[in-house]
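The values are calculated or read from the model by the stated rules, or taken from the named source; none is laboratory data. Since we're looking at a predicted model, the values are computed, not measured. When we count neighbours, we look across all protein chains shown, and the Cβ atoms used for this are built from the backbone with ideal geometry, even at glycine. Surface areas here come from the heavy atoms of the whole protein model, side chains and all, with no ligands, DNA or RNA. Shrake-Rupley method; radii C 1.70, N 1.55, O 1.52, S 1.80 Å.
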Amino acid sequence: DAKTTQPPSMDCAEGRAANLPCNHSTISGNEYVYWYRQIHSQGPQYIIHGLKNNETNEMASLIITEDRKSSTLILPHATLRDTAVYYCIVRVQASGTYKYIFGTGTRLKVLA
Amino acid sequence: GAGVSQTPSNKVTEKGKYVELRCDPISGHTALYWYRQSLGQGPEFLIYFQGTGAADDSGLPNDRFFAVRPEGSVSTLKIQRTERGDSAVYLCASSREGRAGELFFGEGSRLTVL
């Protein structure tokens, strides 16, 4: 079962920041938070990941709360091409193996 | 290209037939994952290989599903006696190794069972 919960859908105006929340209240200390997105009919695309510190790359920023029970993905200036399903994933580690469990994601629609 | 390659991109078959789906990971990636994605759902984990061995096959739905990776590179997902409920997009992903690695996904193989 997915260890994350996300709102099913969100709208964002083009050029504005898109803030996508994720709850992962049962996350364990060594489990990373990953974000992927999936544009229609394509395979999921990696965006960013983090353990406990905030992270930023050329695509987005990831803000993880101090207790690690939730996080927010920020797309600073959303464009129409950012319309996609965004998945927040906890990477589960057990016996040296790593499993990425997807939930149902947030469908982000960027509006012109 | 240098990405994960999956073939066929589309497969239509009849109920009861046998199907093989192939995944060619990025060169040097030791970890390989298979996922299944039904319409409107997130990808569902099926199996994970580390090298040639299946490190975790807990997501395979039943014994009609089997996957191999004999030389630690290309993997084949095999489905016997296909059923209409097997219709989905089958996604393959690879990564360098387990530690905080990024998964690279292929475009998927769309399976339709009539």
Residue set A:T65, A:T104; condition among the hydroxyl-bearing types (S, T, Y), surrounded by fewer than 18 Cβ atoms within 10 Å (Cβ to Cβ) and within 12 Å of the chain's Cα centre (by Cα); output residue A:T104
Yes or no: B:P61 out of contact with any Cys (no Cβ under 6 Å at 6 or more places or on another chain) and loosely packed, with under 15 Cβ neighbours inside 10 Å? yes
Looking only at segment A:24-44, which residues are surrounded by 15 or more Cβ atoms within 10 Å (Cβ to Cβ) and under 23 Å from A:T83 (Cβ atoms)? A:V33, A:Y34, A:W35, A:Y36, A:R37, A:Q38, A:G43, A:P44
Lone qualifier among A:S71, A:S95 - being open to solvent by 20 Å² or more (accessible area, probe 1.4 Å) and among the small types (G, A, S): A:S95
Looking only at residues that are free of Cβ contacts under 8 Å to residues at least 40 places away in the same chain and open to solvent by 40 Å² or more (accessible area, probe 1.4 Å) in segment B:45-57, which one is farthest from the other protein chains (Cβ to nearest Cβ)? B:T52
Among what's in segment B:79-99 and is over 16 Å from the mean Cα position of the chain (by Cα) and at pLDDT 95 or above, pick the residue that is least open to solvent (accessible area, probe 1.4 Å). B:G85
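Residue-by-condition table, conditions (1) touching a Ser or Thr at 6+ places or on another chain (Cβ under 9 Å); (2) within 22 Å of A:S95 (Cα to Cα); (3) more than 12 Å from chain A (Cβ to nearest Cβ):
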{"residue": "B:A31", "(1), (2), (3)": "yes, yes, no"}
{"residue": "B:P43", "(1), (2), (3)": "no, no, no"}
{"residue": "B:G59", "(1), (2), (3)": "no, yes, no"}
{"residue": "B:R64", "(1), (2), (3)": "yes, no, yes"}
{"residue": "B:E71", "(1), (2), (3)": "yes, no, yes"}
{"residue": "B:A93", "(1), (2), (3)": "no, yes, no"}
{"residue": "B:G106", "(1), (2), (3)": "yes, no, no"}
{"residue": "B:R110", "(1), (2), (3)": "yes, no, no"}
{"residue": "B:V113", "(1), (2), (3)": "yes, no, yes"}
Against the condition out of contact with any strand residue (DSSP E or B) (no Cβ under 7 Å at 6 or more places or on another chain) and in contact (Cβ under 8 Å) with a residue 12 or more places away in the chain, how does B:R81 come out, does it pass? yes
Would you mind listing the strands (runs of 3 or more DSSP E) fully within segment A:25-112 where at least 3 residues are within 10 Å of chain B (Cβ to nearest Cβ), in contact with a Gly (Cβ under 8 Å, 6 or more places away or on another chain) and in contact (Cβ under 8 Å) with a residue 40 or more places away in the chain? A:84-94
Filter segment B:91-114 down to residues that are hydroxyl-bearing (S, T, Y) and under 20 Å from B:G53 (Cα atoms), then give me how many there are. 2
